[in-house]
Amino acid sequence: MLRYQHALALQDAGRYGEGRAILTEIMSDDARPERGEARLAWGEGMLAEGRARMAAADATLQNNPSDDQAASARKDRAEGMKIIHAAADYMEEQARKGADSPSSPLLQARLFYETAWVWRSLIDEEVGAARQRIQDEWRQKAPKGPDGQPPDPPDVALADIPMQPAEKKSRAAYEALIAAQPDLLPLAAQARLE
């Protein structure tokens with residue numbers, strides 16, 4: 001149990017790789033009682049690392065960076081986004097593996113629930129990018145004004161934006177949680193409401 005707590009402390013300190021290495025050791029030992037929780041903590045550490053990278057990149061981009069710094073920050077932000085996607089995929093995979101061994105239905109439900117929330121955290125960004133694409137397409141098709149520039153694009157209502165991949169994956173994770181653990185009242189009921 002001490003190794004597990006040490007891994008969590010390392011992740012809290014931003015030393016994600018070291019923490020995940022210890023968690024990997026714990027997950028490979030069938031005799032460890034905290035083995036299941038280590039799977040969740042591994043995914044949460046990966047998620048925290050991705051979010052930290054994105055936050056650092058956003059901070060750099062907001063401070064009037066040079067072109068090289070901005071390019072590097074955009075690259076770091078994209079890498080952080082990849083890590084977040086990988087964390088969600090990992091947690092979903094672990095939840096689906098939980099269906100093979102029903103040793104901890106609560107852990108399986110928590111993994112699906114966390115997966116849904118990871119995807120939910122990405123919806124606004126994907127909707128914003130889709131809205132921007134729609135406006136860019138409108139600008140290309142719009143007639144030029146007297147100054148040679150197209151007029152400002154109209155606001156794009158949320159209803160006019162197709163469902164984005166993160167929203168689809170979030171809904172799928174909720175549905176998987178409800179299907180896998182319909183009698184697990186707190187999380188299944190919460191998932192139905194969300």
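The values are calculated or read from the model by the stated rules, or taken from the named source; none is laboratory data. Since the structure is predicted, the reported quantities are computational estimates derived from the model, not experimental observations. Here the Cβ positions follow ideal geometry from the backbone for every residue, glycine too, while neighbour counts run over all protein chains shown. Ligands, DNA and RNA are stripped out before the accessible areas are found, and what is left, the full protein with its side chains, is counted by its heavy atoms. Shrake-Rupley method; radii C 1.70, N 1.55, O 1.52, S 1.80 Å.
Somewhere in the range 77-94, is a residue without any contact (Cβ under 8 Å) to a residue 12 or more places away in the chain and over 22 Å from residue 39 (Cα atoms)? Scanning the range 77-94, I find at least one residue that is without any contact (Cβ under 8 Å) to a residue 12 or more places away in the chain and over 22 Å from residue 39 (Cα atoms), so the answer is yes.
Out of curiosity, is residue 97 closer than 30 Å to residue 63 by Cβ and surrounded by fewer than 16 Cβ atoms within 10 Å (Cβ to Cβ)?
Working: closer than 30 Å to residue 63 by Cβ: no; surrounded by fewer than 16 Cβ atoms within 10 Å (Cβ to Cβ): yes.
It is false that residue 97 is closer than 30 Å to residue 63 by Cβ and surrounded by fewer than 16 Cβ atoms within 10 Å (Cβ to Cβ).
Counting only residues that are in contact with a helix residue (DSSP H, G or I) (Cβ under 6 Å, 6 or more places away or on another chain) and without any contact (Cβ under 8 Å) to a residue 40 or more places away in the chain, which one in the range 44-64 is nearest to residue 12 (Cα to Cα)? Taking the candidates together, the pick is 45. Of all residues in the range 33-43, exactly one satisfies the criterion of being farther than 15 Å from residue 9 by Cα, of a type in the set (D, E, K, R) and in contact (Cβ under 8 Å) with a residue 40 or more places away in the chain, namely 39.
Residues of the range 1-32 being assigned to a loop (DSSP other than H, G, I, E, B) and either in contact (Cβ under 8 Å) with a residue 40 or more places away in the chain or under 17 Å from residue 94 (Cβ atoms) (or both), which ones? Scanning the range 1-32 gives 29, 30, 32. Candidates in the range 31-74 are the residues that are within 14 Å of the chain's Cα centre (by Cα) and of a type outside the set (A, V, I, L, M, F, W, C); of these, the one that is most open to solvent (accessible area, probe 1.4 Å) is 51. Listed conditions (1) more than 28 Å from residue 40 (Cβ to Cβ); (2) open to solvent by 40 Å² or more (accessible area, probe 1.4 Å); (3) among the polar types (S, T, N, Q) are all met by residue 121, apart from (1). Starting from residues that are at pLDDT 85 or above and not charged (D, E, K, R), keep the ones in the range 149-162 and report whichever is most open to solvent (accessible area, probe 1.4 Å). Per the criteria, the residue is 158. Among the residues examined, residue 70 does not qualify as small (Gly, Ala, Ser) and closer than 30 Å to residue 27 by Cβ. Look at the range 108-137: where a residue is closer than 14 Å to residue 175 by Cβ and a partner is outside any helix (DSSP H, G or I) and hydrophobic (A, V, I, L, M, F, W, C), sitting 6+ places away or on another chain with Cβ atoms under 6 Å, you get 109/184. Could you check, for the range 129-136, whether at least one of its residues is in contact with a Leu (Cβ under 9 Å, 6 or more places away or on another chain), closer than 30 Å to residue 47 by Cα and surrounded by 11 or more Cβ atoms within 10 Å (Cβ to Cβ)? Taking every residue of the range 129-136 in turn, at least one turns out to be in contact with a Leu (Cβ under 9 Å, 6 or more places away or on another chain), closer than 30 Å to residue 47 by Cα and surrounded by 11 or more Cβ atoms within 10 Å (Cβ to Cβ).
What about residue 146, is it over 23 Å from residue 108 (Cα atoms) and either part of a loop (DSSP other than H, G, I, E, B) or modelled with pLDDT of 90 or more (or both)?
Yes, satisfied.
Remark: pairs (first residue in the range 161-182, over 15 Å from residue 125 (Cβ atoms); second residue of a type in the set (S, T, N, Q) and open to solvent by less than 20 Å² (accessible area, probe 1.4 Å); Cβ separation under 7 Å; 6+ apart in sequence or on different chains) = 173/115; 180/108; 181/108.
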